[in-house]
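Q: There's a structure below that I have some questions on.
The values are calculated or read from the model by the stated rules, or taken from the named source; none is laboratory data. Note that the structure is a prediction, hence the values are computed from the model and not measured. Reconstructed Cβ throughout: ideal geometry from the backbone, glycine too, with neighbour counts over all protein chains shown.
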Amino acid sequence: MNIELTDKEFRRLLDLVYIGNWILNSTRGQDRITDYDEVESKIFAQCAKNGMNALFEIRNGEVLPSRAFSEGGIHEAIMDYEDTVFYEILAEELARRDMNFEPISQENFDELAVRINEYIEEFEQNGVDNISLN
């Protein structure tokens, strides 16, 4: 398979591959899905052919994203995503709790949406500062 990419498109592909593998494998410890590691390695190996030597390194014979790549801002994008997902899940769980975890139906969907939005607004203004546990 051959795919024609500009340098800019290839650079974006590196970001996508790294983020995807991070999401799939970063919490798995020794139980990594190695197929994704192997694809990441193949894609980052193409950096050498494209004059992007600073973006990969070889450790123990394996091509990996370089430290410069992984410390170059990609984790800020991942953290933004994680924060958004955290607050969205928390808002929905709290809204569903407020509704006694009733099954979602056409009759109560609008109420759920309103409650979720209220929590999202709270989190946007105050983060988790006003959350307390009993």
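Okay, residues lined up against (1) aromatic (Phe, Trp, Tyr); (2) within 18 Å of Leu5 (Cβ to Cβ); (3) loosely packed, with under 12 Cβ neighbours inside 10 Å:
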position	(1), (2), (3)
Tyr36	yes, no, no
Val39	no, yes, no
Lys42	no, yes, yes
Met52	no, yes, no
Gly61	no, no, yes
Glu82	no, no, no
Leu90	no, no, no
Met99	no, no, no
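Q: Would you mind listing the helices (runs of 4 or more DSSP H) fully within the stretch 41-134 where at least 3 residues are over 21 Å from Ile23 (Cα atoms) and not assigned by TED's automatic domain parsing to the domain that holds Leu14? Even if it seems obvious, please write down each step before you answer.
A: Values: elements: 67-70, 74-98, 109-126.
Counting at least 3 such residues, we get 74-98, 109-126.
Q: Being surrounded by 13 or more Cβ atoms within 10 Å (Cβ to Cβ), touching a helix residue (DSSP H, G or I) at 6+ places or on another chain (Cβ under 7 Å) and assigned to a helix (DSSP H, G or I): is that true of Ile23 here?
A: Values: surrounded by 13 or more Cβ atoms within 10 Å (Cβ to Cβ): yes; touching a helix residue (DSSP H, G or I) at 6+ places or on another chain (Cβ under 7 Å): no; assigned to a helix (DSSP H, G or I): yes.
So Ile23 does not fit the description; no.
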